[in-house]
Amino acid sequence: MLRPLSPLDLGSRSSGGGAGFLQEFQTIAILRIGAGLVLFLGYGLEATLKAWHFIWSKTPFPLIQTLEPTFLPWPQVVAPTVAFITCTVAIAWIIGFYTRLFAALFIPLPLVALIVAGTVKASEADCVVAWLFLIIGVTLMLYGSGNLSVDALFRLGGGSRKKKLF
């Protein structure tokens, strides 16, 4: 049966060897690495640096002022915690380290962000970003990290293991 050609087909099927390094990217690794980079560079790094300066230098942290009119208790604790969790999850997604665990840890953040967005009158773009990260987090929690990851390298995160008889 004929199948459509993919630009990632680098080797022939009859050669018996692997089709190449680029074929490994036909997994969920693209979503995991891309979402991790966007989360880290767009949100996690800046928020973590601001939280660090808030904790050690007592400089103002804008996320605290955003969270004060909401139902969340202790915004001085919640805001830096959210920043550190976001940065940690982004790094774990980029390298593929316990992707399912960190996705499950991350899912409450966009959920609460969607609830808070109605309280603080957030923009539509902020709501769309929260929905996208929620969908990405659920997808990574269900499907794992893919072939190019620390999980696959060390068989972490519940991957299938072949048992040897001897």
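The values are calculated or read from the model by the stated rules, or taken from the named source; none is laboratory data. Fair warning: this is a prediction, and the values are worked out from it, not measured in the lab. So basically every Cβ, Gly included, is an ideal-geometry build from the backbone, and we count neighbours across all protein chains shown. Heavy atoms of the whole protein, side chains included, go into the accessibility calculation; ligands, DNA and RNA do not. Shrake-Rupley method; radii C 1.70, N 1.55, O 1.52, S 1.80 Å.
Percent of Cα pairs in segment 37-166 per distance bin of 10 Å, from zero to the largest separation: 12, 37, 31, 13, 4, 2, 0. Shown for segment 95-136: the carbon plus sulfur share of the solvent-accessible area, taken with all protein chains present and a 1.4 angstrom probe, equals 77%. Of the chymotrypsin sites (Phe, Trp or Tyr not before Pro) in segment 41-98, the ones in a loop by DSSP (not H, G, I, E or B) with at most 11 other beta carbons within 10 Å are Phe71. A full extension of the chain between Glu46 and Phe71 corresponds to an added length of 6.6 nm, given 0.36 nm per residue minus the alpha carbon distance. Each label was represented as a point 7 Å from its Cα along the Cα-to-Cβ direction; for Val150 and Thr59 these points are 2.8 nm apart.
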